[in-house]
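What follows is calculated from the coordinates using simple rules that are stated; it is not laboratory data. Owing to the predicted nature of the structure, the values given are computational and were not obtained by experimental measurement. No Cβ is skipped: glycine too gets one built from the backbone with ideal geometry, and neighbour counts run over all protein chains shown.
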Amino acid sequence: MAQGSDIAIHHDAPSVYHPLHEDDIVAMVPRLLDVAGVPATVVNWGGDEPVSVEDWCAYLGELTGLRPRLVPTDQALRSVQLDLSRMHELVGHPTVPWHDGFRRMVGAIRPDLLRA
C-alpha cells in the first residue's frame with residue numbers, strides 16, 4: 001500500500017484467511033515440536049479470527065491513511081478457512097487478536113506510517 005501497488009484479491013470475494021502474529025508463532029513452535037511425531041502429526045496452523053484481505057487492508061488504511069487498491073483476479077489465492085480444533089487441542093489458542101497484530105506489525109516495520 002505504501003508503494004501504491006495493486007493488491008490482488010480473488011474474484012470469489014471475500015478473500016478470507018487466518019493471520020497469525022509472530023508472537024503467537026514463536027510461542028507455539030515449542031509446543032508444536034513437543035507434539036511432533038512419526039508418522040507426522042498434522043495440524044492446521046493459523047489465527048483464531050478469520051479475516052479477509054479486504055478487511056485487513058481497510059484496517060491498514062485506517063492505521064496509516066493509505067488507500068488500498070484492491071484488484072480482483074483469478075490469479076490470487078482463494079480463501080483458506082481452517083479447522084483449528086486439532087491445533088487448539090494440542091497447543092492451545094493464539095493470544096494476539098488480528099487488529100492488535102496488524103497495528104503492532106505496522107509499528108514494528110513502518111512506524112513512520114502509523115497514525116496516533
For helix 53-64, what angle does its Cα long axis make with the longest principal axis of the chain, in degrees from 0 to 90 and rounded to 10?
-> 60
Helix 98-109 versus the longest principal axis of the chain: what angle, 0 to 90°, nearest 10, using Cα atoms?
-> 70
In degrees from 0 to 90, rounded to the nearest 10, what is the angle of the helix 22-35 Cα long axis to the longest principal axis of the chain?
-> 20
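Which order do the peptides 4-11, 15-22, 73-80, 102-109 come out in when sorted by mean C-beta neighbours inside 10 angstrom, highest first?
Values: 4-11: 13.5, 15-22: 18.2, 73-80: 11.8, 102-109: 15.0.
Highest mean packing first, the order is 15-22, 102-109, 4-11, 73-80.
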Inverting the mean 1/r over all pairs of different Cα atoms, compute the Kirkwood radius of the range 40-116 and quote it in Å.
-> 14.6
Dipole magnitude (debye, nearest 20) for the range 6-110, charges at Cβ of Lys, Arg, Asp, Glu | 260
